[in-house]
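The values are calculated or read from the model by the stated rules, or taken from the named source; none is laboratory data. From a predicted model like this one, the values you see are computed outputs, not experimental measurements. Because the Cβ atoms are built from the backbone with ideal geometry, glycine has one as well, and the counts that use them run over all protein chains shown. The accessibility values were calculated without ligands, DNA or RNA, using every heavy atom of the protein model including side chains. Shrake-Rupley method; radii C 1.70, N 1.55, O 1.52, S 1.80 Å.
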There are 2 protein chains.
Amino acid sequence: MGLGLGALVLKSGGLSVSDHDSIVAINIFVALLCSCIVIGHLLEGNRWVNESITALVMGLITGGVILLVSGGKNSHILVFNEDLFFIYLLPPIIFNAGFQVKKKQFFRNFMTITLFGAVGTLISFVIISLGAMALFKKLDVGPLQLGDYLAIGAIFSATDSVCTLQVLNQDETPLLYSLVFGEGVVNDATSVVLFNAIEDIDIANFDALVLLAFIGNFLYLFFTSTLLGVVAGLLSAYIIKKLGFARHSTDREVAIMILMAYLSYMLSMLLDLSGILTVFFSGIVMSHYTWHNVTESSRVTTKHTFATLSFIAEIFLFLYVGMDALDIEKWRLASSSPKKPIALSATILGLVMVGRAAFVFPLSFLSNLSKKETRPKISFKQQVIIWWAGLMRGAVSIALAYHKFTASGHTELRINAIMITSTVIVVLFSTMVFGFLTKPLLNFLIPPRPGSVADLSSQSILDPFLGSLLGSDFDVGGQPSPQNNLQLLLTIQTRSVHRVWRKFDDSFMRPVFGGRGFVPFVPGSPVERSTHGSQLGTVTEAEHS
Amino acid sequence: MGLGLGALVLKSGGLSVSDHDSIVAINIFVALLCSCIVIGHLLEGNRWVNESITALVMGLITGGVILLVSGGKNSHILVFNEDLFFIYLLPPIIFNAGFQVKKKQFFRNFMTITLFGAVGTLISFVIISLGAMALFKKLDVGPLQLGDYLAIGAIFSATDSVCTLQVLNQDETPLLYSLVFGEGVVNDATSVVLFNAIEDIDIANFDALVLLAFIGNFLYLFFTSTLLGVVAGLLSAYIIKKLGFARHSTDREVAIMILMAYLSYMLSMLLDLSGILTVFFSGIVMSHYTWHNVTESSRVTTKHTFATLSFIAEIFLFLYVGMDALDIEKWRLASSSPKKPIALSATILGLVMVGRAAFVFPLSFLSNLSKKETRPKISFKQQVIIWWAGLMRGAVSIALAYHKFTASGHTELRINAIMITSTVIVVLFSTMVFGFLTKPLLNFLIPPRPGSVADLSSQSILDPFLGSLLGSDFDVGGQPSPQNNLQLLLTIQTRSVHRVWRKFDDSFMRPVFGGRGFVPFVPGSPVERSTHGSQLGTVTEAEHS
């Protein structure tokens, strides 16, 4: 424990003041971040480009310039660092997503999201693994074990939630956003279980029992991670409600919220759970309870602070991935046969597309089956968007690839170098080309209606009397007209779950943990109006509004 | 350059995900931060304790527990890290101080502040150095060079601005706050120059020319550092005004402000200037121009975000100093003669008190001489408070001591270990005992008047029509009644400087860079009212309001 603290202190602050180079590096990075924001703003009117693509391109250019300046020698420079990503960049992004997510939309589609995130990821994993086994041998890439193929399946089944945030807009396409983004969050839990399972797996003795253990493991991980996030959120709500910081200090309230959220994430990492799930749910709980217990200025501040931190972390991340792409050491190691990484990447991209199609369309059909007549189904056009918007692979894939195929960023094996460079190519290509095309595709398939922003899901926040977090609109409207037994069963279950939750929330949770209605609340006050629903999406889609 | 970037990536994110100990360490630290905030809140009513003392004590306890758990063996654990301090913790604290400082009060006393910070620090430096030379020999501490004595003078002349923020309240005692805190900021520039001068100095050839070079160096450093901060602030104002982020996104505005401020600090470090001065002035300029160019929600957000980040950094810092105090390696090395560090610390504390008295009272007298009859002079009681509140030595002293007496935190020499442990004792004692007594002393010497918070200096912010940043109240009131030539000269100079600045600001600066009156501004809107002047001070003094 003590040693760990020492490691923290020595490493996390490991830049020596006298270390001139490190200070230069920080300056370059911060200056690049500023430029990305300004350029991203200038390109805002452009329908093709978004902030992440700008950052990626700027990262690539900077990486190229550094390579040129150093005479192509600095091969060890731009090694991707999993920990910078998992410990500093990812938590604010996912927490903010949970904090700003439209909860009603999210929980209404909870079953579908879980189906996509858990079952869908498994289907994709199996298809990519099997496909890789069948096709890679023809490419003659080198000696890969069965474990490697399974790892490839897991790496490329990891949807990039951060990219989703960039290409889909919560206000314009709330259903699609909640489905694709929610899937990405649940997907993370599946990936963690998959990856751990693969590392421990005894392939010779693979049978039904192993599969059962796997499912049990997933359920355990899913529920404990969620529970941890919920407990952290409730604790923050309770502390702030009981101590009544509100009388004195916004700083303390905001600090407690930030620190508790981060603590839940790090605790989750410590316990080998899914940090992403934990911090996502702590964000949801905080926005449902804690946010209503704080002062008005704390509400404005938290809303925007979390969004800003997430915004900076996102740009940082894409910049970083862009710079990392030019890791000359691996390119050189892999380039003895330059055709291979290209062919490999193309194969992987094809498998990713097939693997995703193999679960999006069947599972959407299943999900539609269980829906009430009165509720909108997932149309075929929407299914295409869901399929497309989840094709992007990002920093999570790169981090997993580095974890699997290198020892802290370095490798001597040609096959490993080829795998890393292929992953980088897949990520760059999918983020830039697929990301590039998402907005036009969306406009083509589902043309934006004027004024479509003010749909039901955003009204539910704008009008504080419409209802609580969940369920109020599950009780209005006609009786369901079930068509078959499965649908009847699911409809009844959904309705009763929501009703029970709402009752429980009103009679037990809110009196203890606060929340809307249990603290002074001025409906439609200027601050409320000016902040709700305006800063939720990222900025690139602002042209539509 | 390339190498530096690699170092950044490798070091700043050097915590391996698989490194279980580091994650434990982060968990402990974040949990401690949360506890400090909660305990600090619970102790708020207590007139003796403030948040920094709570954090120090909790740090000491945690350090003790870790020592016990590790069986007293982990001597390399809690080494103070200069870089964590200078690169991550100090910038947000000083930037926030500049951002929230009452500018009118600050610039009105600018001459006095500069006098204290530059000349005063020099006087203190000379007295402590000479005193150490005379007294340390009697204590037989070991072989110290002339350069070491000079370094001791510089280390213990560094006032701790962060402690000042904790013990003095800007709203209750605006004059004292601006004097003592402003002195601390200017003091930093002096310390940097002193430290660099000492390292380069050729003691054999010390003459008038060297002194002149020293003064020139100080002036160069002071002006370039200030200029860099001002340019960064103006640039952020210009970018935000020109690009009109306001229409779309609070996130971008807030991100640009944070990143530009940090960039100015790091650039200052890169150019070997005083980062503290730079980031302080960038805070001042941003609050004068940039802050008025952004949306209403950005204003609330920035105000509280900067305060929160600073708040977390302050607690982190004190927690860290507390944990670091139990650096067993140095204690063991120094403890061969356990009496020595105690005697040494007592001597240093005495010298610090004498050294500070030697400039506070004479310079206050000088400053009073130059003041108009109608303007308040610094009373003797106030001088005592200024003397007392600046006695605390903090993280800056520790950082400088580590820089001078260790090689990246470690040392084998007994004399160096003794110097480090003595510094730690001085810092702990002055922060805890002096900090403890500041509030009671203040209440005893200057009892708080009821309603004293709403004095002129806070009204100038509350009432947007009262005037601009500077000078409006320098033109009202009767003619000055100069008593002697010096006073006449200074009075006239002060008035004309202010008038020229105001004209320049109105006719050139504001049209270009924005600021109050040049962007839509709703006086007394709810957000304005609820945030101005309420979150400025730290929380510990809230009992008076």
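Determine whether the range A:186-194 contains at least one residue that is touching a residue at least 40 places away in the same chain (Cβ under 8 Å) and over 19 Å from A:ASN217 (Cβ atoms).
No - not one qualifying residue is present in the range A:186-194.
Identify all residues within the range B:233-276 that are open to solvent by 30 Å² or more (accessible area, probe 1.4 Å), more than 7 Å from chain A (Cβ to nearest Cβ) and not in a helix (DSSP H, G or I); write none if there are none.
B:LEU271, B:ASP272
Looking at A:LEU326, is it within 12 Å of chain B (Cβ to nearest Cβ), open to solvent by 10 Å² or more (accessible area, probe 1.4 Å) and at pLDDT below 85?
Yes, satisfied.
So which residues in the range B:209-232 are surrounded by fewer than 20 Cβ atoms within 10 Å (Cβ to Cβ) and of a type in the set (Gly, Ala, Ser), if there are any at all?
Selection gives B:ALA213, B:GLY216.
Residue under question is B:ILE93, and the condition is that it be modelled with pLDDT of 85 or more, open to solvent by less than 20 Å² (accessible area, probe 1.4 Å), away from chain A (no Cβ under 12 Å) and closer than 16 Å to A:ALA255 by Cα; does it hold?
For B:ILE93, the condition - modelled with pLDDT of 85 or more, open to solvent by less than 20 Å² (accessible area, probe 1.4 Å), away from chain A (no Cβ under 12 Å) and closer than 16 Å to A:ALA255 by Cα - is met.
Quick one: is B:LEU3 at the interface with chain A (Cβ under 9 Å from one of its Cβ atoms), surrounded by 21 or more Cβ atoms within 10 Å (Cβ to Cβ), part of a helix (DSSP H, G or I) and at pLDDT below 80?
In short, no.
Residue-by-condition table, conditions (1) β-branched (Val, Ile, Thr); (2) within 29 Å of B:VAL294 (Cα to Cα); (3) in contact with a His (Cβ under 6 Å, 6 or more places away or on another chain):
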site: A:VAL279; (1), (2), (3): yes, no, no
site: A:MET286; (1), (2), (3): no, yes, no
site: A:SER298; (1), (2), (3): no, yes, no
site: A:THR301; (1), (2), (3): yes, yes, yes
site: A:PHE306; (1), (2), (3): no, yes, no
site: A:ILE312; (1), (2), (3): yes, yes, no
site: A:PHE316; (1), (2), (3): no, yes, no
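Test of understanding: among A:ALA334, A:ALA401, A:ALA407, which residue is of a type in the set (Gly, Ala, Ser) and at pLDDT 75 or above?
Step by step, each of A:ALA334, A:ALA401, A:ALA407 is checked, and only A:ALA401 is of a type in the set (Gly, Ala, Ser) and at pLDDT 75 or above.
Would you confirm, using the coordinates I've provided, whether A:PHE316 is out of contact with any Lys or Arg (no Cβ under 9 Å at 6 or more places or on another chain), in contact (Cβ under 8 Å) with a residue 60 or more places away in the chain and within 13 Å of chain B (Cβ to nearest Cβ)?
Yes, satisfied.
For every residue, the table says whether it meets (1) more than 9 Å from every other protein chain (Cβ to nearest Cβ); (2) on the phi > 0 side of the Ramachandran plot; (3) at pLDDT below 80; (4) buried (at least 24 other Cβ atoms within 10 Å of the Cβ).
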residue	(1), (2), (3), (4)
B:ALA7	no, no, yes, no
B:ASN27	no, no, no, no
B:VAL65	yes, no, no, no
B:LYS73	no, no, yes, no
B:PHE86	no, no, no, no
B:LYS102	yes, no, yes, no
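Give the residues of the range B:303-313 that are surrounded by 24 or more Cβ atoms within 10 Å (Cβ to Cβ) and more than 9 Å from chain A (Cβ to nearest Cβ), sorted by residue number.
B:PHE306
Hey, among B:SER397, B:SER379, which residue is open to solvent by less than 30 Å² (accessible area, probe 1.4 Å), of a type in the set (Ser, Thr, Tyr) and out of contact with any strand residue (DSSP E or B) (no Cβ under 8 Å at 6 or more places or on another chain)?
Testing whether each residue is open to solvent by less than 30 Å² (accessible area, probe 1.4 Å), of a type in the set (Ser, Thr, Tyr) and out of contact with any strand residue (DSSP E or B) (no Cβ under 8 Å at 6 or more places or on another chain) leaves just B:SER397.
Counting only residues that are modelled with pLDDT under 80 and within 14 Å of chain B (Cβ to nearest Cβ), how many does the range A:203-232 have?
0
All but one of (1) open to solvent by 30 Å² or more (accessible area, probe 1.4 Å); (2) modelled with pLDDT of 80 or more hold for A:GLY59; state the number of the condition that does not hold.
Only one criterion in (1) open to solvent by 30 Å² or more (accessible area, probe 1.4 Å); (2) modelled with pLDDT of 80 or more is unmet by A:GLY59, namely (1).
Do you know which of the residues in the range A:284-302 that are part of a helix (DSSP H, G or I) and among the aliphatic types (A, V, I, L, M) is nearest to the other protein chains (Cβ to nearest Cβ)?
A:VAL300
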